[in-house]
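The values are calculated or read from the model by the stated rules, or taken from the named source; none is laboratory data. On a predicted model such as this, the values are computed, not experimentally measured, just so you know. Ideal geometry is used to build each Cβ from the backbone, glycine not excepted, and the neighbour counts take in all protein chains shown. Each accessible area value is taken on the protein alone, full model and side chains, heavy atoms only, with ligands, DNA and RNA left out. Shrake-Rupley method; radii C 1.70, N 1.55, O 1.52, S 1.80 Å.
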Amino acid sequence: MEFVEGDTLEDVLARNVARQQLARSPVPGLRFDRAWYYIQQALGALAAGHALGIVHRDVKPSNILIRRDGIVKMTDYGIAHLVNPTHGGRAPSPQELAPGTGAYMSPEQVLGRPLDGRSDLYSAAIVLYETIAGRPPFLPSEKSEFALRMDQVETPHPPIRSFVPVADIAVEQCMWKALHKDPNQRFQSAIEMGDAFRSAFGIPSTPEWRALGEYAAIASQGSTLEPARA
């Protein structure tokens, strides 16, 4: 197993949010360009995994490692599974929660429904939300795990511009799409989602971002598994 020397995105966010609060910055989280630098790599990793038919199911800041040289690694595939999962289709009870972390779970994951890559993209959108807002849409410190999961199913997320007023309306629109309760109304692939947010942030395409899409295409061509619908 590879040893990754660096920090988790969770650690990076915690330090940055503390600095931003002291400076009374209008952006409570990371600058858009820095947030995109990390998130584009996470989306690239998800795109490749989805091309292989793998759903991560636990995308969150503590599972995103950042090496000292800035390379991002998606980690902890402990509850990942292949498309066409075996998990049942009934809603879990408070005593029997579906695997995952409530603050970052998609509605369909909470409800124990069949998952594809779009579930991971919902979680990635929450990570991006937290990266620029300094907090996720629903705060774990304020609610129980079960209440957090029910919020993912029933409660609209707070507008991102309520925490980041400098965000363009295009960022808000992308976030609403990315965090739609219905997976059919979300972005259908990690690359599509990344292109939308990159444009909303006003960041030009780069060879690095285009290469991530190419890697996902190579993974899809070389896979003998059923591709994720992502």
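Brief remarks on what is shown
- Selection status of ARG31, within 24 Å of PRO204 (Cβ to Cβ) and either open to solvent by 30 Å² or more (accessible area, probe 1.4 Å) or at pLDDT below 95 (or both): yes
- Qualifying residue in the range 33-55 (condition: over 15 Å from ARG67 (Cβ atoms), assigned to a strand (DSSP E or B) and not aromatic (Phe, Trp, Tyr)): yes
- Counted residues, the range 1-29 - those being aliphatic (A, V, I, L, M) and farther than 21 Å from ASP58 by Cβ: 5
- For PRO140, the stated conditions hold: it is modelled with pLDDT under 95 and either over 18 Å from TRP36 (Cβ atoms) or outside any helix (DSSP H, G or I) (or both).
- Selected residue [polar (S, T, N, Q), within 15 Å of LEU128 (Cα to Cα) and touching a helix residue (DSSP H, G or I) at 6+ places or on another chain (Cβ under 8 Å)] from GLN185, GLN152, GLN173: GLN173
- Residue match in the range 60-73 (condition: at pLDDT below 90, among the acidic types (Asp, Glu) and assigned to a loop (DSSP other than H, G, I, E, B)): no
- Residue satisfying all of: in the range 180-198; under 13 Å from LEU212 (Cα atoms) and free of Cβ contacts under 8 Å to residues at least 40 places away in the same chain; most open to solvent (accessible area, probe 1.4 Å) among these: GLU192
- Residues of the range 98-111 classified as in a loop (DSSP other than H, G, I, E, B) and open to solvent by 10 Å² or more (accessible area, probe 1.4 Å), total: 4
- Filter result (of a type outside the set (Ser, Thr, Tyr) and open to solvent by less than 30 Å² (accessible area, probe 1.4 Å)) within the range 112-125: GLY112, LEU115, ASP116, GLY117, ARG118, ASP120, LEU121, ALA124, ALA125
- One residue alone among LEU13, LEU46, LEU30, LEU22 is in contact with a His (Cβ under 9 Å, 6 or more places away or on another chain) and not polar (S, T, N, Q), and that residue is LEU46.
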